[in-house]
1. Mind listing the phi-derived Karplus ³J(HN,Hα) values for segment 139-153, rounded to whole Hz, using 6.51, -1.76 and 1.60 with θ = phi - 60°, and x for any glycine or proline?
2. Counting pairs of alpha carbon atoms under 8 Å apart in space and at least six apart in sequence, what relative contact order in percent does segment 385-501 give?
3. Of the options Q197, C208, N257, report the single residue whose Cα projects farthest towards the positive end of the charge dipole of segment 190-292 (beta-carbon charges: Lys, Arg +1; Asp, Glu -1).
4. Using 1/(1 + (r/R0)^6) with R0 = 51 angstrom and r between the beta carbons of L410 and Q592, what's the FRET efficiency to the nearest 0.05?
5. Can you work out the Karplus-derived ³J(HN,Hα) for every residue in segment 277-294? Use 6.51 cos²θ - 1.76 cosθ + 1.60 with θ = phi - 60°, whole Hz, and x for glycine or proline.
6. Please give the length that would be gained between M429 and S446 if that part of the chain were fully extended, namely 0.36 nm times their separation in residues minus their C-alpha to C-alpha distance (nm, one decimal).
7. Using modelled amide H (1.01 Å from N, peptide plane; none on Pro or chain starts), what sits under 5 Å from the amide H of S35, excluding residues fewer than 5 places away?
8. Expressed as a whole percentage, what fraction of the accessible surface of the chain belongs to carbon and sulfur atoms when a 1.4 Å probe is rolled over the protein heavy atoms?
Amino acid sequence: MRKYEKKLLQIKEDNQQYEAFQSSDNTVVLAGPGSGKTTVLTMKIVNLLMEIKEPRGLACVTFSNEAAKEFKKRLRELGVRERNNVFLGTVHSFCIAEVLIPFAKLYPHYGIPLPLRIISNKKKNILFQQVRAELGIQERDLSSTEMDSERSSSLSGQSKVNIATYDLAAKAAVLYEEKLMKMGVVDFISIVKFATQFIQNEEYVRNCLEAKFPWILIDEYQDLGRPLHEMILALMKGTKSHFFSVGDPDQSIYGFNGAVPDYLLELYALPNMRSIKLETNYRSNQDIINASEIALNSPVKRNYQAGTRINEKARFDFHVCEGEIHEQYEHVVNWVIPNCLESGIPREEIAVLVAGKAELKGLSELFDEKGIPYYLVKHEFERTQVVMWLENCSLWLSNSQEVSFESLFLFWKSLLIKHDIDISGKRIMVEKRKLYDLLKTSEAKSENLCEWIECLLDKSGLKQLLDKSDTYPDEVDNLENLLNVAREGKFTSFSIRDFGQLGKPSKQVTISTRHSSKGLEFEAVILLGLEEGYFPSFRSTTQRKIEEEHRILFVCVSRAKSRCYLVRSKIRNGRWKQPSIFWKALFDWDTQRP
């Protein structure tokens, strides 16, 4: 526990972090960029696990599988052993494992199809097209994402947050859910909605969750939407469990999924809630912090202060290209990146942030052409639980100190159980030995990632297991996408060691969308596409959407430690373009700062 003691001393030096760490009340922590919220949350979990006696435990709900993996890694490093009754995963995983599977059969009147069958993305898209056709809705007027956002935001409960209804989406949602029920399947939205309704309506469910989890912790609360918010409000009212929620309303950038900052702010303002703000930024210098506030364009000052790089001046460079977006790519490759490297900034400390998939593709193709090593934050496959298990298998084979074989087997065991394979009694040791022997044998393929994955999928029976899985309906396609990347894409030269380090750029420039950059940090950030109508988008016409665009810019600027390069074109799609309001605001601020 030496690392724990060291981290504890570190937290004690920040009064706000230490207050959050020590709090025994229901607590909401508003954590600005670089304020150490992951450290505080991890240390809080360690401390609570020291106090909570088994068989009780705790639950920590995260926004993504990647975040859950990072927490597990940090907990291992702090000497925390795996134990029963500790849940650490996404809200969907929590709803399935801790609510629906244990309790759905007790309440048949909810109409939840059992055994639980999750609709695949392909079938969901077909179903949505049918709904749109039956209602006579044009493709341009409604997307599946908009319908799902409406389904999440319409859930009733205790929250006073009022989100405007999109009538077309609401109409489609009713018909879609009727068809979903007739098919005898659920999707991820209905999973969370059903689980929330169980918690709201069923005292027995609440009592069981209270008995198992005296503490529930939530990371990135602003990203998780109304259903989770209603779930927490119902548990706060109906149980004696304690809650520790961390987030930043200024980094709420997933409004298209129904996640808005209002829910976190409502929780923060509750009278029975201990409210704490982490205001010291240990990532960026003060100029970057001030610029990010300009990006936010809020009348309320945040008062963030630099806890590092004191008296260091930030560098802001504004670059104008005569031609289209491709000229911005050329400028980044030929001038900006060489300038960073000449200044002593390593490649892994440089990030280029773009709007979306088309820009990712165009920029990465130029990087390939010029021979610049790069890391794409978004892949052609999803880093699902199964893919991350494969990553952990490769890590264990490369460095058994970083991942335990026991954790690998626990996931494998849960996978078998979910697919009705009996491994009770002596079969547990048989399956454990089989997995161990298979992994050790697979080392012969360790220098070729594609061959290693194919070997593991084939000899473990994993592919056959997932082929008609109701729990992981999209996993076979996802694994095929991963194999394609390993066979003929970006991972063709990967060994299993490289695969195990996925998510950690090594002597590579990072290329990311603006949204996907959240949670990352770099010495230098290069932000492209700052023309009127593009960023912010001409589609952002409501006040709520414009505010979210400002938050996206806030996220982008606050990724930087000391440098920001802003790049725009005079022409986009053959039309003359003025600089965006974001460019103007930061340019004016930069010219006026001391």
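1. Values per residue, Gly and Pro as x: 4, 5, 8, 7, 10, 4, 5, 5, 5, 5, 4, 5, 4, 6, 6 Hz.
2. This gives 35 percent for segment 385-501.
3. So the residue we want is C208.
4. Working: r = 57 Å, r/R0 = 1.11.
Step by step, r from the Cβ atoms, then E = 0.35.
5. Here the 3J(HN,Hα) series is 10, 9, 10, 9, 9, 9, 9, 10, 7, 5, 4, 4, 4, 5, 5, 5, 5, 4 Hz.
6. Numbers: separation 17, 0.36 × 17 = 6.12 nm, distance 2.56 nm.
Extra length from M429 to S446 when fully extended: 3.6 nm.
7. Those lying under 5 Å, H to H, from S35 are Y282.
8. Details: 13440 of 27280 Å².
Result for the chain: 49 percent of the exposed heavy-atom area is carbon or sulfur.
The values are calculated or read from the model by the stated rules, or taken from the named source; none is laboratory data. What you see is a predicted model, and the numbers here were worked out from it, not measured in a lab. Methodologically, a virtual Cβ is constructed for each residue, glycine included, from the backbone with ideal geometry; neighbour enumeration extends over all protein chains shown. With ligands, DNA and RNA removed, areas are computed over all heavy atoms of the protein, side chains included. Shrake-Rupley method; radii C 1.70, N 1.55, O 1.52, S 1.80 Å.
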